[in-house]
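What follows is one structure encoded as structure tokens, with my remarks underneath.
The values are calculated or read from the model by the stated rules, or taken from the named source; none is laboratory data. From a predicted model like this one, the values you see are computed outputs, not experimental measurements. Positions of Cβ are generated from backbone atoms using ideal geometry, with glycine treated the same way; all protein chains shown enter the neighbour counts.
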Amino acid sequence: MSTMRGYRWMGWGALTLGFAFLYLPILLLMAFSFNSSRLATVWAGFSTRWYGELFNDRALMDALWMSLKVAFWTACAATVLGTMAAMVMTRFRHFRGKSAFSALITAPLVMPDVILGFSLMTLLVSMGGLPGFPARGAATIWIAHVTFTLSFVTVVLSSRLQELDISLEEAAMDLGASRLTVFLKITLPIIAPALLAGWLLAFTLSLDDVVIASFVAGPSSTTLPMKVFASVRMGISPKINALATLMVSAVAIAAVVGWYITARGEKRRARDLQLARQEGS
């Protein structure tokens, strides 16, 4: 009994150290955002002056707005394309070239960002002379981010579609429903939590990317990670701490809301299944 208790305390200790290693730097960063000193790592008293300085920094706000726009449209496009790719991979089980299709879809998962960014930059430069093709800027960042986030969304949705009971769709089609109606009325509500998870994953990956964006961005399309990276190389400013605090708070709120929506959907689905079984019996 004492040996088991000792192992339990060791497990809790290792877990505590692991979480402290992950989250203690973030908490320190948030605490120093209320520092009155110009030095980001030297405490000189409580102050909120750097939040005002942050919102008065036009270049930083423009970079933040650029990142939010690119991340939003990247998440939307990657979710739509990822849903289509996942439907092909799970519903059309046997077709010529399926292995090659799956490999091409999931290749960005294991490809280094430097190689992906350099290859996309080469492609965009070679296509820059085509009529109507956008110059290097926000549009090219969006194209690059959709390219590498598509695979993540596809994997998330594929795993959910594989768990879906296909007999529900077959029963609806036997009753005369078209494939589009089946997808909108049956498949889409069931995979909605996975869609939300894939959208949030694509949004986060696009928002914090700095490597690929550095290759394909233009001179007037600086994203927030690029701006922060350039600022850190010249010295950490307390404004970066304030910005990080706001972003961590926003992510935490979004995570709680997403968890609540997902949990509510799972409870509703479990209740509907229980009612269906009771009616069937």
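What to note about this one:
- Residues that are of a type in the set (Val, Ile, Thr) and without any contact (Cβ under 8 Å) to a residue 40 or more places away in the chain were ranked within the stretch 17-64; the one that is surrounded by the fewest Cβ atoms within 10 Å (Cβ to Cβ) is Val42.
- The set of residues from the stretch 77-110 being closer than 16 Å to Phe152 by Cβ, without any contact (Cβ under 8 Å) to a residue 24 or more places away in the chain and surrounded by 11 or more Cβ atoms within 10 Å (Cβ to Cβ) comprises Val80, Met84, Ser102, Leu104.
- For the stretch 212-222, taking the residues that are β-branched (Val, Ile, Thr) and more than 16 Å from the chain's Cα centre (by Cα), the one that is surrounded by the most Cβ atoms within 10 Å (Cβ to Cβ) is identified as Val216.
- Among residues of the stretch 157-175, those that are surrounded by fewer than 23 Cβ atoms within 10 Å (Cβ to Cβ), in a helix (DSSP H, G or I) and aliphatic (A, V, I, L, M), counted: 6
- Take the conditions (1) part of a helix (DSSP H, G or I); (2) surrounded by fewer than 18 Cβ atoms within 10 Å (Cβ to Cβ); (3) not small (Gly, Ala, Ser); Val153 misses just one of them, which is (2).
- Tallying residues that are assigned to a helix (DSSP H, G or I) and hydroxyl-bearing (Ser, Thr, Tyr) within the stretch 22-45 yields 1.
- On inspection, Leu195 fails the criterion of being over 18 Å from Phe72 (Cα atoms) and aliphatic (A, V, I, L, M).
- Subset of the stretch 184-203 [closer than 18 Å to Ser159 by Cβ and free of Cβ contacts under 8 Å to residues at least 12 places away in the same chain]: Leu188, Pro189
- Residue list for the stretch 139-150, restricted to those being buried (at least 18 other Cβ atoms within 10 Å of the Cβ) and of a type in the set (A, V, I, L, M): Ile141, Ala144, Val146, Leu150
- Residue within the stretch 45-52 that is at pLDDT below 85, of a type in the set (Gly, Ala, Ser) and touching a Phe, Trp or Tyr at 6+ places or on another chain (Cβ under 7 Å) present: yes
- Top-ranked residue in the stretch 46-101 [being polar (S, T, N, Q) and assigned to a helix (DSSP H, G or I); ranked as nearest to Ala242 (Cα to Cα)]: Asn56
One line per residue, one yes/no per condition, for (1) at pLDDT below 80; (2) in contact with a helix residue (DSSP H, G or I) (Cβ under 6 Å, 6 or more places away or on another chain); (3) basic (Lys, Arg); (4) not in a loop (DSSP other than H, G, I, E, B):
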position: Leu205; (1), (2), (3), (4): no, yes, no, yes
position: Gly218; (1), (2), (3), (4): yes, no, no, no
position: Lys227; (1), (2), (3), (4): no, yes, yes, yes
position: Gly235; (1), (2), (3), (4): yes, no, no, no
position: Lys239; (1), (2), (3), (4): no, yes, yes, yes
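- Boolean, Leu120 is assigned to a helix (DSSP H, G or I), in contact with a Lys or Arg (Cβ under 8 Å, 6 or more places away or on another chain) and either surrounded by 15 or more Cβ atoms within 10 Å (Cβ to Cβ) or of a type in the set (Phe, Trp, Tyr) (or both): no
- A Cβ distance below 8 Å, combined with a sequence gap of six or more or placement on separate chains, defines the contacts here; from the stretch 204-232, residues that are over 14 Å from Met66 (Cα atoms) reach residues that are aromatic (Phe, Trp, Tyr) and surrounded by fewer than 22 Cβ atoms within 10 Å (Cβ to Cβ) in the pairs Leu205/Phe152; Phe215/Phe118.
- Residue in the stretch 126-139 that is closer than 16 Å to Thr74 by Cα, in a helix (DSSP H, G or I) and without any contact (Cβ under 8 Å) to a residue 40 or more places away in the chain present: yes
- Residue-level check: of (1) modelled with pLDDT under 85; (2) surrounded by fewer than 19 Cβ atoms within 10 Å (Cβ to Cβ); (3) within 30 Å of Val88 (Cβ to Cβ), Gly128 misses just (3).
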